[in-house]
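None of the figures in this text is laboratory data; all of them are computed from the coordinates on show. All values reported here derive from a predicted model rather than from experimental measurement. When we count neighbours, we look across all protein chains shown, and the Cβ atoms used for this are built from the backbone with ideal geometry, even at glycine.
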């Protein structure tokens, strides 16, 4: 005992083992090395330190990434499907992951794998295998021993490196800068408008239409070739492969749906792009855009503009000039300039400057009133800031000629041509004196009077209305049937452009919805044949058998035409001979010899591993599901098997089971002749059984299609019979369909020749003048004018 007390243990690490195999055969995974802590009992020596094992006994590393085949199932799917062969509650299930692979778990245990059955009946929670991808907070990682371990953007385990906003792994975010801006400008013409350009190398691109309109965002290259929503063709929202990256384009179903229209992309782009705007109705857009570009990309400088008095009168005293031409009195330290010009708002993060100098020298020869509209900056001491939208420039020449005294001023517009939605308004000019007061037109030169201009105008929104199609033919040629028609809520969105909208808009306007279905009755139907569903094929695998069904007359059998009687049986082929019996492991013994039983599951499976009906397999070859047990040597006694299914699908029938005279010899099952067991103790082999009452579904023949073209409906009668009487106990899950969509042929899409007329509400002269016939709804509104123009 004394030696035991004076002894201690020394510990040291052994050699690392070789790397284990990868936890995944492809797509990543982890591998590990192990070492063992070795120890030896030593006699304690005073003042001598004893070594101990410090550190981890196991270390991990990521496996070299080997791509998986495209059709391969995911690693989570592979783990869940491993439970397919295990029985739960005497049943086998097909297991799949509860969440998709790209689902970001908010669980505190991201390495818990949740599986569910394809039917959703059951769920499993098991630890994910090592190498399963996971996400812990903001970090990506892999599961190791049930914990989500971080994997950096450098592909190294336990690395905390992340991708910065410039897309650089482990970067500081200083290698790029953000460009943002907005486009809000009144539009006087339809068609495609240029919004902004996106340079090559741009990342984190976001383009958003903030205002809900019917207008559409589009994207093209710098040469004007469209990638989507181009050439007056509107594409469905989806992902587009553009400029070496993926652009996600989304828009709401209509202007009343939630959400905004936007284009986003992670980038980087490998070519310059143009953001375009397809304007359908002249409504002012509000588009914001932003993207990130590398710092080595030099921003383009604005092209100098040459200003004259005509330009100033037309556009206002605002111009964008290069930095070299700025007035020295201006403060040019800020790099973010916000300008409000008219209804156009621009945010520019590049090195641009707004300069309004050197304008006065262009105006010194006469007194001119220049409209600044809504300029938000005070440009120069030479141009004083005024509270109104007009300012005066002091003239050096005080002599004003008669020609300078009066001028034409476009100051008013005629009422809008449309009482609702977008219309056309025509401008007219007034003769005004130099101080702005209106005078008689005779004071102004008639030869210089401005031509009238046509502007789009917006009135109040058009009220919704119900529109109905024509009634269809009666669904039955005899007896009682139904007629159908389409009822939709419509509203005019633009001249000549009607569109369906949500029914709630019509209901909100207190418009009662017309009925879409009504009963119709033709002459009384005579007797007709009614048929039940076909029975299961009687053939075994690979053989030929028969299917049967019941055929009955809706009235007395003698009244039905026997020549049109449907067949009551038909030949059928048995299933392919790829079925086989599959057994599970034996369960525990339930008692001593003579009473004890071991059971297992015996199921019929096809070549795909799916469990099917027992009748699809050879019943003569079915393995026994119950064995005797309880002792190594157990004498012969009766062992009853499980009951087979009832031989009747409805009503009263019988069921059978196999009773075997068997026992055990040296622990091995042995089947004995029946005389070896006591006949008086033999259990019953047959028993009565009762299923639900015998009721069957019967159907009549299909009616004709309700429409001669386009989508219509066919109908038939479906009745439940219990014997000879109508019943209500048929299985609703297998009820045959009573209505089916049909389409005989496509309806013609072109309108009849006589229907091509100009709408009275459309200004077709203007449509021809500004060449709007290429647009589909103006081509429809001014059908006759556009057609004559094309000829």
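Kindly state, to the nearest 0.05, the FRET efficiency for residue 223 paired with residue 487, given R0 = 51 Å and r defined as their beta-carbon distance.
Efficiency, rounded to the nearest 0.05: 0.60.
Under 12 Å from a point 7 Å along the Cα-to-Cβ line of residue 180: which residues of the range 200-219 have their amide N that close? Residues 206 fall inside that zone.
Extension gain, residue 770 to residue 114, is 229.9 nm, computed as 0.36 nm per intervening residue step minus the present C-alpha separation. Mind running the shape call on the range 495-586? Use the C-alpha gyration tensor, a ≥ b ≥ c as the square roots of the eigenvalues: rounded below 1.5 for a/c, prolate if a/b tops b/c, oblate otherwise. Oblate shape, in that a/c is at least 1.5 and b/c is the bigger or equal ratio.
Net length available on complete extension from residue 780 to residue 295 is 169.5 nm, with 0.36 nm assigned per residue and the Cα-Cα distance removed.
Applying 0.36 nm per residue to the separation of residue 232 and residue 738 and subtracting their alpha-carbon distance, the gain on full extension is 177.8 nm.
Grab the beta carbon distance between residue 619 and residue 66, set R0 = 51 Å, and tell me the FRET efficiency rounded to 0.05.
Details: r = 48 Å, r/R0 = 0.94.
The computed FRET efficiency comes out at 0.60.
Put a dot 7 Å past the Cα of residue 53, heading toward its Cβ, do the same for residue 448, and the two dots end up 10.3 nm apart. Placing a pseudo-label 7 Å from each Cα along the Cα-to-Cβ vector at residue 536 and residue 649 gives an inter-label distance of 0.8 nm.
Inter-label distance, residue 688 to residue 410: 10.0 nm, where each label sits 7 Å from its Cα along the C-beta direction. For the peptides 31-40, 75-84, residues were scored by their other Cβ atoms within 10 Å and the scores averaged per peptide; the highest-first order is 75-84, 31-40. As a calculated quantity, the FRET efficiency between residue 561 and residue 469 at R0 = 41 Å, using C-beta atoms, amounts to about 0.65. Across the range 529-573, the relative contact order, built from alpha-carbon pairs under 8 Å that are at least six residues apart, equals 45 percent.
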